[in-house]
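Report on one structure; see the data block that follows.
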Amino acid sequence: SKATYGCSLADVDWLHGGAEALLTVTSLLVVFGFRAAITDPDPPEDRLGKARLAAFALAGAFAAACALGPTVGVGAHSPFLFGLGGLPNGIVQELPWVSHAEPINALTIPTWAIHFSSVFEWIYAMGLVWSFSETTSNPKWKGLTWGMLPLHASGVAACTYHFFYNNPNLQFMVSLQAGLTLLGNITCAIAAYRIATSNGWTLDELNPFPKSQTDVRGVKIDELSVLPYEVSKTEVESDVNLLAKLGLLTFGASYVVKYGELGLNVPFDGNPFASIAIFCLPVGITAASFLARSQAEGGDDTLLTSLFQTNKETDQTPALSLADVKKYGVAGTVAYVITELAFWAVAFPVASASYYQTAGHWPDLINDAADRATVIGFIFAGANIARLAVPLRLGAALALAPWVDENIVSRGGDQDKLDNTNDM
């Protein structure tokens, strides 16, 4: 969008809506996947094949549109799906509450619908994941629901930014969205790790070069993975009814926001405090609803306890520490150093790219002290976020240790023996 049109992606409606459609389909597949898992743990293969086909078809269509769109005259402000469902401008101006003209970068009805459907589907998916914890009698799945909350907040941040017509004064909302996406990926990864370990998975399975092909632990884990679970006894509404309800909710919200905000001054003022309040309200309601659900069930599945609680009576998941890495001796230490160096090797390019996206030019680290301080600030912020992923970093070091032992430490010892033999 920048290279072709000189515009932010949020202002190129057809490209913006198409990209968001990928997220919507992803959310739908998550919803239908967990609905099927709750009621039918052994779905027919053709159902999975159809889902894959739909996903790849949409991705391919969007890629083709990106490649061919500009060559056939699709402009920066061409509407997504031809603006299907939008009201003519003459009718809009005659609405009794309208007091403002709509900016040229306003989202069309299809693009608003795609955004709202992603948000609503994700909330529904969070509820299904929570229910799946009861289906499998594994409370760790509730931790995944909490891990999905930052990703929900990321979607709300995007909608908030668009509500204010992508006002440049609210660019921090874009950074907030990106940060919440990163945080959500981390919390979902931690939740997935806890689910895996509760089912018998160990970090040793990350080793791409297993020492033994007949390890009995693998047999035990395979047996655990096929244990049956209780499917839902309650009647689940049909997919058609679910899609109809989501459609009504999605398009209703789209029309209300798109044409209702034309009667307000707030969207045109770009007030950062108003944007923060609008962002916090739906996220707070979602978090409070799941917290109330947890308390009503007599649990303590808050965000922190669900994701990070270890070594309690109800949670026998072993906590990772640097001592686990040191058990591998020199190989463990070298593996840990490699993972840390990898972080710092990535930190500087990422910080520089972030500065470029924010300031519009690459940092001048030699001549400009302000640029140096800003880049260092980005790196410091990234280091603090990386602290949340300490279990993953330690896990990566543990997974890498056997390979380091076999390909670096052991080879070094073998080379010393060879040199001594040659000297003799």
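The values are calculated or read from the model by the stated rules, or taken from the named source; none is laboratory data. In this text the structure is predicted, and so the values were computed from the model without any measurement. Quick reminder, even Gly has a Cβ in these numbers, built from the backbone with ideal geometry, and neighbours come from all protein chains shown. SASA here: full protein model, heavy atoms, side chains in, ligands and nucleic acids out. Shrake-Rupley method; radii C 1.70, N 1.55, O 1.52, S 1.80 Å.
Structure notes:
- Accessible area in the full protein assembly, largest first, 1.4 Å probe, for GLU261, GLU94, GLU340: GLU94, GLU340, GLU261
- For the pair CYS66 and LEU206, label points projected 7 Å from Cα toward Cβ lie 2.9 nm apart.
- Modelled this way, with points 7 Å down the Cα-to-C-beta line, the labels at ILE366 and ASN89 are 5.1 nm from one another.
- For ASP11, ASP42, ASP368, the ranking by accessible surface with the largest value first comes to ASP42, ASP368, ASP11, using a 1.4 Å probe.
- Applying 1/(1 + (r/R0)^6) with R0 = 35 Å to the Cβ-Cβ distance of VAL346 and ALA54 gives a FRET efficiency near 0.55.
- You can think of it this way: the chain between SER99 and GLU406 has 103.4 nm of extra reach, that is 0.36 nm per residue less the Cα-Cα gap.
- The range 60-139: C-alpha gyration tensor shape, a/c 1.5 cut-off, then a/b vs b/c: oblate
- Projected-area average for the range 1-91 over all orientations - Cα convex hull basis, square nanometres: 8.2 nm²
- Most tightly packed first, judged by the mean number of other beta-carbon atoms within 10 Å of their residues, the peptides 103-110, 62-69, 251-258, 371-378 read 103-110, 251-258, 371-378, 62-69.
- Taking all protein chains as shown and a probe of 1.4 angstrom, SER99 keeps an accessible surface of around 80 Å².
- Placing a pseudo-label 7 Å from each Cα along the Cα-to-Cβ vector at ARG293 and SER175 gives an inter-label distance of 3.4 nm.
- For the range 1-103: relative contact order, % (alpha-carbon pairs under 8 angstrom, 6 or more apart): 42 percent
- Order of exposure, largest accessible area first, which applies to LEU394, LEU151 with probe 1.4 Å: LEU151, LEU394
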